[in-house]
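Enquirer: Questions regarding the structure given below will be posed in turn.
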Amino acid sequence: MEMGNTRVICTASVVRGVPKWLEGKGAGWVTAEYAMLPASTPGRKRRATGKPDSRGVEIQRLVGRALRGVVRMEALGANTIYIDCDVLDADGGTRTASITGAYVALARALRATSAEGVNAKRALTGPIAAVSVGMVDGRAVLDLDYVEDSSADVDMNVAMVRGGKFVEVQGTSEGKAFDMDDLEKMLSLARGGIKKLMQAQKDAIILA
């Protein structure tokens with residue numbers, strides 16, 4: 001998945017078995033892991049060995065939560081789908097790129113799997129994609145890069161499903177408060193960007 005200079009490898013693996021609390025309930029599970037590789041940033045990013053990377057944990061929870069929002073767990077059988085998002089190059093928006101790319105990996109994995117109990121045609125309710133938006137120098141900006149993100153008055157991540165419904169909205173003022181007009185501009189911009197991303201997802205899945 002490439003968005004500007006941000007690149008993320010997204011993979012999906014279907015594995016037999018589910019967490020203990022799901023055993024015997026006739027449903028599967030989707031979970032995610034996220035990591036930034038050491039050379040993904042200008043200065044070497046240390047590997048998360050031993051002590052968990054709190055930012056990475058927060059992002060992988062976000063990715064897993066977002067994807068579970070478009071999956072019918074009962075259609076997975078007693079299987080777990082592991083999503084891995086590994087950042088090769090980080091220039092802003094790695095979490096939103098991870099969600100968008102992970103959906104493609106998930107859809108491809110479901111189509112290709114022969115795992116027992118998986119009903120691939122019923123498993124997905126539709127696509128999900130995400131993008132960053134923000135207010136930079138009084139303007140609403142789509143898909144912020146690192147420089148824009150560093151100077152933004154507002155930084156927001158938006159995940160949506162087909163039909164324009166929101167799954168996740170994470171917005172923070174970085175110094176200057178924003179009003180409803182700013183919020184509407186950012187959400188409108190995000191909606192348009194996500195519509196384009198969903199078309200790119202569809203094309204990638206068809207071409208697989």
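Read-outs: derived from the displayed coordinates by stated rules, not from any lab. Everything numeric here is computed off the predicted structure, so don't read it as measured data. Note: ideal-geometry Cβ built from the backbone for every residue, glycine included; neighbour counts use all protein chains shown.
Enquirer: Hey, what number do you get for the chain at 222 nm if only DSSP H runs of n ≥ 4 count, each worth -39500 (n - 2.57), divided across all residues, to the nearest 500? Working shown, then result.
Expert: Details: 5 runs with 72 residues, N = 208.
Taking each H run of at least 4 residues, the total per residue is -11000 deg cm²/dmol.
Enquirer: Same structure again: Could you derive backbone 3J(HN,Hα) for the stretch 151-164 from the dihedral phi with the Karplus parameters 6.51, -1.76 and 1.60 (θ = phi - 60°), listing whole Hz in sequence and x where the residue is Gly or Pro?
Expert: Taking θ as phi minus 60°, the curve returns 10, 6, 6, 9, 10, 9, 10, 10, 10, 9, 10, 4, x, x Hz for the stretch 151-164.
Enquirer: Please work out the Cα center distance from the stretch 61-81 to the stretch 116-173, rounded to the nearest Å.
Expert: 19 Å
Enquirer: Measure nothing fancy, just the Cα-based angle from helix 94-112's long axis to the longest principal axis of the chain, in degrees from 0 to 90, nearest 10.
Expert: 20 degrees
Enquirer: Please check: in the Gaussian network model of the chain (C-alpha springs, under 10 Å), which one of ASP137, ASP86, ASP153 has the largest mean-square fluctuation.
Expert: The residue with the greatest mean-square fluctuation here is ASP137.
Enquirer: Which value in nm describes the separation of the simple spin-label points at ARG72 and ASP89, placed 7 Å from the Cα toward the beta carbon?
Expert: Between ARG72 and ASP89, the simple spin-label model gives 4.0 nm.
Enquirer: I've got another one for you. Please arrange LEU67, LEU124, LEU22 by counting, for each residue, the other beta carbons lying within 10 Å of its beta carbon, fewest first. Mind showing how you got there, number by number?
Expert: Working: LEU67 24, LEU124 18, LEU22 15.
The order, fewest Cβ neighbours first, is LEU22, LEU124, LEU67.
Enquirer: What GluC sites (Glu not before Pro) in the stretch 1-54 are in a loop by DSSP, with at most 11 other Cβ atoms within 10 Å of the Cβ?
Expert: Working: sites: GLU2, GLU23, GLU33; in loops: GLU23.
Counting only loop positions with at most 11 other Cβ atoms within 10 Å, the GluC sites (Glu not before Pro) in the stretch 1-54 are GLU23.
Enquirer: Distance in nm between label sites at LYS202 and ARG122, each 7 Å beyond Cα in the beta-carbon direction?
Expert: Simple spin-label model gives 2.5 nm for this pair.
Enquirer: Taking the Cα atoms of the stretch 2-207, report the difference between the largest and smallest coordinate on each principal axis, in whole Å and largest first.
Expert: 54, 41, 34
Enquirer: May I pose another question? Once the Cα atoms of helix 180-207 and of the chain are each reduced to a long axis, what angle between those two axes, in degrees from 0 to 90 to the nearest 10, is obtained?
Expert: The angle comes out at about 40 degrees.
Enquirer: Mind checking which of GLY193, MET156, ALA204 is farthest towards the positive end of the chain's charge dipole, using Cβ charges of +1 (Lys, Arg) and -1 (Asp, Glu) about the Cα centre?
Expert: Going by the Cα projections, it comes out as ALA204.
Enquirer: Along the Cα→Cβ direction, 7 angstrom out, place labels at GLU33 and GLU58. What is the inter-label distance in nm?
Expert: About 2.2 nm separates the two model spin labels.
Enquirer: Let me ask another. Can you list the lysines whose alpha carbon sits under 22 Å from that of LYS185, skipping same-chain ones fewer than 8 residues off?
Expert: LYS165, LYS176, LYS195, LYS196
Enquirer: Report, in debye and to the nearest 20, how large the dipole of the chain comes out about its Cα centre when Lys and Arg carry +1 and Asp and Glu carry -1 on their Cβ.
Expert: So the magnitude is around 1040 debye.
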